[in-house]
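Structure first, then comments.
The values are calculated or read from the model by the stated rules, or taken from the named source; none is laboratory data. Quantities reported herein were computed from a predicted structural model and do not represent experimental measurements. Virtual Cβ from ideal backbone geometry, glycine too; neighbours counted across all protein chains shown. Note: areas computed on protein heavy atoms with side chains; ligands, DNA, RNA excluded. Shrake-Rupley method; radii C 1.70, N 1.55, O 1.52, S 1.80 Å.
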Amino acid sequence: MASVDTITNFLATLSVIVTLLAFHGRAQLSPTFYSSTCPNVQTIVRDAMEEAVEKEARMGASILRLFFHDCFVQGCDASILLDDTATFTGEKNAIPNKNSARGFEVIDAIKTKVEAACSNTVSCADILALAARDGVVLLGGPTWTVELGRRDSRTASLTAANTQIPFPSDNLSTLISLFAAKGLSARDMTALSGSHTIGQARCTNFRARIYNETNIDPNFAALRQANCPTSGGDNNLAPLDIQTPTQFDNAYYQNLVVRRGLLHSDQQLFNGGSQDALVKTYSGNSEAFSSDFTAAVVRMGSIDPLTGTAGEIRKNCRLVN
Ligand code: HEM
Ligand SMILES: *[C@@H]1O[C@H](CO)[C@@H](O)[C@H](O)[C@H]1NC(C)=O
Ligand SMILES: *[C@@H]1O[C@H](CO)[C@@H](O)[C@H](O)[C@H]1NC(C)=O
């Protein structure tokens, strides 16, 4: 009996330690953070996103990508939303964002509505987290509970944006490392890459793949070459998911299995390496994808948030107060 007690005690102590470790850098966000201070925030964001996605389905994708690029640079602190000024260098001109990151006007419009309902209360970082979730749901994807209570940065990092966000030319081991550096597993990385079931990419980001790679369906390569010449047309767009580019589903993984990933980085997930089996699973089991995706996107959303009195609640998402 004494030994059972000892084991019970040991397990209790261990669980406290594990809990403390789990909170480190993951912080005390809560889904009910604004329930008394801005009870309608979720409805306001949802209605605005509905309008934006109805106008242009791609906007759901663009906002989800903004959330990713925000969270991977200094944590989810709305640093990506800051404009460059004469005296401030933001992240909008970083290689992964320039001529590419979009949807800032939608976030501005939501912020204006949220400020009208509850001024100086809801952070731009939380608005982005809610809008990203709503975009996914509006395109037919799974829902999740958004943790809230992030505050906005007073800084941005062009250097971090250029080094910590993955490039489409990256190989599998680099992709795994870049996500590991943010506390995300290879499995999280593969599930989160399923975001490429929606949205578009520019020719400049897939040209080398469609002309020079061998692990690509030749018919698919020819189809994409038709609108992406070997030189020129850098900004010509193609859907990341050839099947259902405005539906958040598991077709992205089905494409990978038949070598129809658009980006080099996409096809790295199914190229004879460690993620092949998981890609196969997701390609045949949309529930498995949805449940891993939602768990991973919540983890991504809790990367290094500013909480308590750190940072600020920006009045205008583009400018520090
Ligand atoms: C795994 C590493 C990743 C790489 C290398 C990567 C790279 C890219 C590139 C190059 C584009 C096209 C940009 C352009 O041509 O203008 C793109 C688009 C996109 N990415 Fe990723 N991405 C990755 C992971 C993610 C993750 C984790 C998410 C979200 C959680 C995401 C969401 C999106 C979305 C939704 C689009 C379409 C955006 C639009 O149409 O406006 N990506 N990504
Ligand atoms: C992946 O890319 C990195 C950086 O370019 C390189 O050092 C590494 O050797 C590559 N790994 C493989 C397995 O090709
Ligand atoms: C294909 O690879 C060759 C040899 O590395 C390179 O010279 C050429 O520019 C590449 N073409 C494209 C479209 O990336």
(request) Taking only region 199-248 into account, find how many residues are more than 16 Å from ligand 2 (Cβ to nearest atom), surrounded by fewer than 20 Cβ atoms within 10 Å (Cβ to Cβ) and among the charged types (D, E, K, R). (result) 4
(message) Being assigned to a loop (DSSP other than H, G, I, E, B) and farther than 27 Å from Glu287 by Cα is true for just one of Ala101, Ala109. Which residue is that?
(response) Ala101
(request) Consider Asn321 carefully, then state whether it is of a type outside the set (A, V, I, L, M, F, W, C) and in contact with a strand residue (DSSP E or B) (Cβ under 8 Å, 6 or more places away or on another chain). (result) yes
(message) Test of understanding: among Ala131, Ala156, which residue is assigned to a helix (DSSP H, G or I) and in contact with a helix residue (DSSP H, G or I) (Cβ under 9 Å, 6 or more places away or on another chain)?
(response) Ala131
(request) Please work out if Ala94 is under 24 Å from Pro166 (Cα atoms) and open to solvent by less than 30 Å² (accessible area, probe 1.4 Å). (result) yes
(message) Any residue that is at pLDDT 95 or above, more than 19 Å from Gly311 (Cα to Cα) and either among the small types (Gly, Ala, Ser) or surrounded by fewer than 19 Cβ atoms within 10 Å (Cβ to Cβ) (or both) - is there at least one of those in region 146-158?
(response) no
(request) Determine whether Thr230 is part of a loop (DSSP other than H, G, I, E, B), closer than 22 Å to Phe293 by Cβ and of a type in the set (Val, Ile, Thr). (result) no
(request) Inspect all residues belonging to region 167-176 and state whether any of them is of a type in the set (Phe, Trp, Tyr), within 16 Å of ligand 2 (Cβ to nearest atom) and closer than 21 Å to Ser100 by Cα. (result) yes
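This table checks each residue for (1) part of a helix (DSSP H, G or I); (2) within 16 Å of ligand 3 (Cβ to nearest atom); (3) within 26 Å of Gly272 (Cα to Cα).
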residue	(1), (2), (3)
Val146	no, no, no
Ala160	yes, no, no
Thr163	yes, no, no
Pro168	no, yes, yes
Ser173	yes, no, yes
Ser177	yes, no, yes
Lys182	no, no, yes
